[in-house]
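J.: Mind looking over this structure? Questions follow.
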Ligand SMILES: [Zn+2]
Ligand SMILES: [Zn+2]
């Protein structure tokens, strides 16, 4: 009883996902591949069991980029949001970006990885202000 059911969606909403299980080995990955694929300082990734992961794609918008033989990065072809990554060496596990989830989750990240590849402006210890919205100096 009581296994979690998490839901998520891509940015445009064309693709929805459901996870009927837990998310394992959540990491903040600072490697150059995750930085480029996300356009951000790091990506937060975790593994789900393939048989507990459902993709709802009624308009057939899911596409993929074959990063290497057998390693596919699946994304929404409308909004370019990453949905999951698959590796034919281990088809029972899929890797997801936690940012696509709309649910609060029980699991927590366990580490920051590939710190030697992080961008030189990526400073986790910087004492910079935190705001609920944009910084007050922003002109709009
Ligand atoms: Zn989309
Ligand atoms: Zn990475």
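J.: Could you tell me whether residue 12 is within 16 Å of ligand 2 (Cβ to nearest atom) and surrounded by fewer than 19 Cβ atoms within 10 Å (Cβ to Cβ)? Show your work before the answer.
T.: Numbers: within 16 Å of ligand 2 (Cβ to nearest atom): no; surrounded by fewer than 19 Cβ atoms within 10 Å (Cβ to Cβ): yes.
Spelling it out, it is not the case that residue 12 is within 16 Å of ligand 2 (Cβ to nearest atom) and surrounded by fewer than 19 Cβ atoms within 10 Å (Cβ to Cβ).
J.: Looking at residue 17, is it in a strand (DSSP E or B), within 15 Å of ligand 1 (Cβ to nearest atom) and exposed (fewer than 15 other Cβ atoms within 10 Å of the Cβ)?
T.: Against the criterion (in a strand (DSSP E or B), within 15 Å of ligand 1 (Cβ to nearest atom) and exposed (fewer than 15 other Cβ atoms within 10 Å of the Cβ)), residue 17 does not qualify.
J.: I'd like the full set of residues that are touching a residue at least 60 places away in the same chain (Cβ under 8 Å) and surrounded by fewer than 14 Cβ atoms within 10 Å (Cβ to Cβ), limited to region 93-108.
T.: Correct list: 102, 103, 106, 108.
J.: Answer yes or no as to whether residue 53 is closer than 16 Å to residue 10 by Cβ and away from ligand 1 (no atom under 16 Å from the Cβ). Before the answer, list the steps.
T.: Working: closer than 16 Å to residue 10 by Cβ: yes; away from ligand 1 (no atom under 16 Å from the Cβ): yes.
Considered against the rule, which asks whether it is closer than 16 Å to residue 10 by Cβ and away from ligand 1 (no atom under 16 Å from the Cβ), residue 53 comes out as yes.
J.: For region 21-30, indicate whether the set of residues that are farther than 30 Å from residue 120 by Cα, in contact with a helix residue (DSSP H, G or I) (Cβ under 9 Å, 6 or more places away or on another chain) and surrounded by fewer than 16 Cβ atoms within 10 Å (Cβ to Cβ) is non-empty.
T.: Checking region 21-30: at least one residue is farther than 30 Å from residue 120 by Cα, in contact with a helix residue (DSSP H, G or I) (Cβ under 9 Å, 6 or more places away or on another chain) and surrounded by fewer than 16 Cβ atoms within 10 Å (Cβ to Cβ).
J.: Check whether at least one residue in region 32-39 is in contact with a helix residue (DSSP H, G or I) (Cβ under 6 Å, 6 or more places away or on another chain) and either within 13 Å of ligand 2 (Cβ to nearest atom) or assigned to a helix (DSSP H, G or I) (or both), and report yes or no.
T.: For region 32-39, residues in contact with a helix residue (DSSP H, G or I) (Cβ under 6 Å, 6 or more places away or on another chain) and either within 13 Å of ligand 2 (Cβ to nearest atom) or assigned to a helix (DSSP H, G or I) (or both): present.
Coordinate-derived values only; no laboratory data. Since this is a predicted model, take the numbers as computed values, not measurements. All Cβ positions, even for glycine, are placed from backbone atoms using ideal geometry, and neighbour counts span all protein chains on display.
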